[in-house]
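As structure tokens, the structure follows; a few thoughts come after it.
The values are calculated or read from the model by the stated rules, or taken from the named source; none is laboratory data. Just so it is clear, the model here is predicted, and its values are computed rather than measured. As a convention, Cβ positions derive from the backbone with ideal geometry for all residues, glycine included, and neighbour counts pool all protein chains shown. Side chains are part of the model used for accessible areas, which takes the heavy atoms of the whole protein and leaves out ligands, DNA and RNA. Shrake-Rupley method; radii C 1.70, N 1.55, O 1.52, S 1.80 Å.
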Amino acid sequence: MKNALTVDLEDWYHICDAGEYSEPARWNNYESRIIRNTEKILRLLKTHNAKATFFVLGYIAAKEPRLISDVKAEGHEIATHGFCHRRVFELTEREFEHDVSESIDVISSITNEPVLGFRAPEWSIRKETPWALSTLRKLGIVYDSSMVPLTGMGDRSFPVYPYKFNTPYGDIWEFPLTTTRLFWENLPFSGGLPLRIAPYFYVVSKIKRMNRQGHQAMVYIHPWEFDGEQPKIDLPLSRRFMHYFNIKAAPGKIEGLLRHFKFAPVGSVLGLS
Ligand SMILES: [Zn+2]
């Protein structure tokens, strides 16, 4: 069984709710580390013959079109992470449509292909944004990967496994954040801070168990997790923890997972491509 592997293609300063660092007007002032960090990921994936979905931030695509072509040339799937890295629940329906549409325009002008997948910054589709999936489908997106079945980050009523939603514009698949049941909550473990904290054997055993039950897991990584030398932003404590804690553990754990499991892009895992 192939699990889904995803990369949110964004630079070290693309952090939500981080004061001036969250303002796109300032982004050109910051050092760009995206090329060398993405190249580390590309080398690793090539070594293990794994293909992934890259959710590309529109801002990065506009700035580094060659990088996007290079990722595509390696056989990976190119999807969108929006343009300005704004959380969905901070936007109006119109602003969301504009942001995603702008990202699709710039990305498809590089790949010469329609953009089929979307991931929201910080998994930010919520109950308060009921228009999000229909807006995405209206823009031609056929799968989303932005929902978390966990109180606070999303909603416990959200699907735990891939699920097809109906919208006025057609059906759209949701591939939610992979979680494991612990008492009454669904806890994440397959990327970001949860992966960096969880013992490696625990992550492997959870994915194996899911696969035995016939479900695919989704692993997610960020280029800045491969960069121990990145400039550190003075963030509020909880956000600093989420972003930087145990960052040195990420590359080794990802490499282990690439050895242990077979991975494919989301579109392929869902049977859409
Ligand atoms: Zn992001």
*Most mobile of 110, 60, 221 per a Gaussian network model of the chain (Cα springs, under 10 Å)?*
110
*Under the classification rounded if a/c is under 1.5, otherwise prolate if a/b is larger than b/c and oblate if not, where does region 50-154 fall, given a ≥ b ≥ c as square roots of the Cα gyration tensor eigenvalues?*
prolate
_Tell me the relative contact order for the chain as a rounded percent, counting alpha carbon contacts under 8 Å between residues six or more apart._
24
_As an exercise, identify the GluC sites (Glu not before Pro) in region 5-52 lying in DSSP coil whose Cβ has no more than 14 other Cβ atoms within 10 Å._
31
*In region 2-269, what percent of the accessible surface is made up of carbon and sulfur (1.4 Å probe, ligands and nucleic acids excluded)?*
52
_Per residue accessible area of the chain, 1.4 Å probe, in Å²_ = 44
*Hey, if you put +1 on the Cβ of every Lys and Arg and -1 on every Asp and Glu Cβ in the chain, which of 55, 202, 7 ends up farthest toward the positive end of that dipole?*
202
*asked:* Per DSSP helix of 4 or more residues, -39500 (n - 2.57); summed, then divided by the residues of the chain. What does that give at 222 nm, rounded to the nearest 500?
replied: -10500 deg cm²/dmol
_Accessible area (Å², 1.4 Å probe, nearest 10) - residue 171_ = 70
*asked:* More than 21 angstrom separation, counting every C-alpha pair in region 108-225; what % is that?
replied: 42
*asked:* Give me the net charge for the shell around residue 3: Cβ to Cβ below 11 angstrom, other residues only, Lys and Arg +1, Asp and Glu -1.
replied: +3
*Could you pull out every whole DSSP H run in the chain that spans at least 24 Å of Cα extent along its own axis and averages -1.0 or higher on the Kyte-Doolittle scale?*
93-111
*asked:* Quick query: amide H of residue 79 versus all other amide H atoms, modeled in the peptide plane; which residues come in under 5 Å with a sequence gap of 5 or more or a different chain?
replied: 54, 55, 56
_Loop-only trypsin sites (Lys or Arg not before Pro) in region 175-273, please: DSSP not H, G, I, E or B, and at most 13 other Cβ atoms within 10 Å._
232
*asked:* Given a 1.4 Å probe and heavy atoms of the protein chains only, how would you sort 241, 183, 175, largest accessible area at the top?
replied: 183, 241, 175
*Mind computing the radius of gyration and Dmax over the alpha-carbon atoms of the chain? Å is fine for both.*
17.2, 48
*When only DSSP loop residues count, what GluC sites (Glu not before Pro) in region 177-273 have their Cβ near at most 10 other Cβ atoms within 10 Å?*
229
*Where does each of 16, 84 land when they are ordered by accessible area, with a 1.4 Å probe and the largest first?*
84, 16
*Once you wrap a convex hull around the alpha carbon atoms of region 1-79, what is its projected area averaged over all directions, in nm²?*
5.7
*asked:* List the residues, sorted by chain then number, that are 5 or more residues from residue 167 or on another chain and whose placed amide H is less than 5 Å from its amide H.
replied: 172
*Go through 202, 163 and list them by solvent-accessible area, largest first, probe radius 1.4 Å.*
163, 202
